[in-house]
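Working notes, beginning with the structure itself.
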Amino acid sequence: MINTVLFDLDGTLLPLDQELFVKRYFGALARCGAAATGREAAAFIDGVWAGTGAMLFNDGNATNRDRFWDSFCARMGGGVSAEALEPLFERFYETEFEAAREAAQKNEAARKSVDLLKEKGYTVALATNPLFPPVAVKKRLSWAGLDYADFAHVTTYDNSRFCKPNPGYFKDILALLQKEPSECLMVGNDAADDMGAREAGLSVFLVTDCLVNEKGLPIEGFRQGSLTEFYGYVKELPEVK
């Protein structure tokens, strides 16, 4: 029986125009990073992409945070260190990152779904791809009308060693929550990353409001619907005894 629900954030609990988000996010980050490092904006963003790639293909032998900073600093060259730049990233996410909010919308079904699941006794976790530090996840949660305290666990780049759709990512969450795959439902909008949870034995629900299916994968076999329809599904779920 399902007693645990894992939610994706971007495009799921937080409806998002992905193209506009990337434009606003990287535009603001490039300006901030170039000013702090004295490097060209393009070179700075190249370093960020290198670090992101290192996280996406992490083999599990280090946290995503360590993978990011090792790769970023190596790409940027001498004079750049995690110790110097990590506080700058923190300040960026607390302030300039707000520019990316233009790409996001609030859907009341997100708040209602999380609240009702908890009222019914379900464990609820945030399984957002762990490419960001906690401050950036908190900021995006606030755009959705949610908070860290709403979740039993939140994946971030410093507490994770894999990314979606690696089965290890889902297995690590379940181990921390002390749950079996048969007890868990993954809810997300990405046909590859989120629905990849099935490879780890979880049930899945594909949210279609901001559907991502870059590989053109067949999705007919997934339980699916809008976030509002997912809330209707939650209303029909039994209470956890």
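The values are calculated or read from the model by the stated rules, or taken from the named source; none is laboratory data. Because the structure is a prediction, the values reported are computed rather than measured. For neighbour counting, all protein chains shown are included, and Cβ atoms are generated from backbone atoms with ideal geometry for every residue, glycine included. Remember, those area values only see protein heavy atoms, side chains included, never the ligands or the DNA or RNA. Shrake-Rupley method; radii C 1.70, N 1.55, O 1.52, S 1.80 Å.
For the chain, what does the accessible surface come to per residue with a 1.4 Å probe? Please give it in Å². Working shown, then result.
Working: 10960 Å² over 241 residues.
For the chain, the per-residue accessible area is 45 Å².
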In the chain, what percentage of the DSSP-assigned beta bridges are antiparallel, given to the nearest 5?
5 percent
Check Asp209: other-chain or 5+ apart residues with amide H under 5 Å from its amide H, H built from backbone geometry?
Leu227
Tell me, what is the percent relative contact order of the stretch 121-200, built from C-alpha pairs under 8 Å that lie six or more residues apart?
29 percent
For the chain, the spread of Cα positions along each principal axis, largest first, Å
57, 36, 35
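Whenever you get a sec, compute what percent of the accessible area on the chain sits on carbon and sulfur atoms (1.4 Å probe). Let's see the in-between values first.
Numbers: 5320 of 10960 Å².
Answer for the chain is 49 percent, counting heavy atoms of protein chains only.
Can you give me the Rg/Rh ratio for the stretch 108-241, using Cα atoms for both radii and the Kirkwood formula for Rh? Don't skip to the answer; put the middle values down first.
Working: Rg = 14.2 Å, Rh = 15.3 Å.
Reported Rg/Rh (Cα atoms, Kirkwood Rh): 0.93.
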For Gly77, the net charge from surrounding residues (Cβ-Cβ under 15 Å; K, R +1; D, E -1) works out to -1
Could you tell me how many degrees, from 0 to 90 and to the nearest 10, lie between the Cα long axis of helix 18-37 and the main elongation axis, the longest principal axis, of the Cα atoms of the chain?
30 degrees
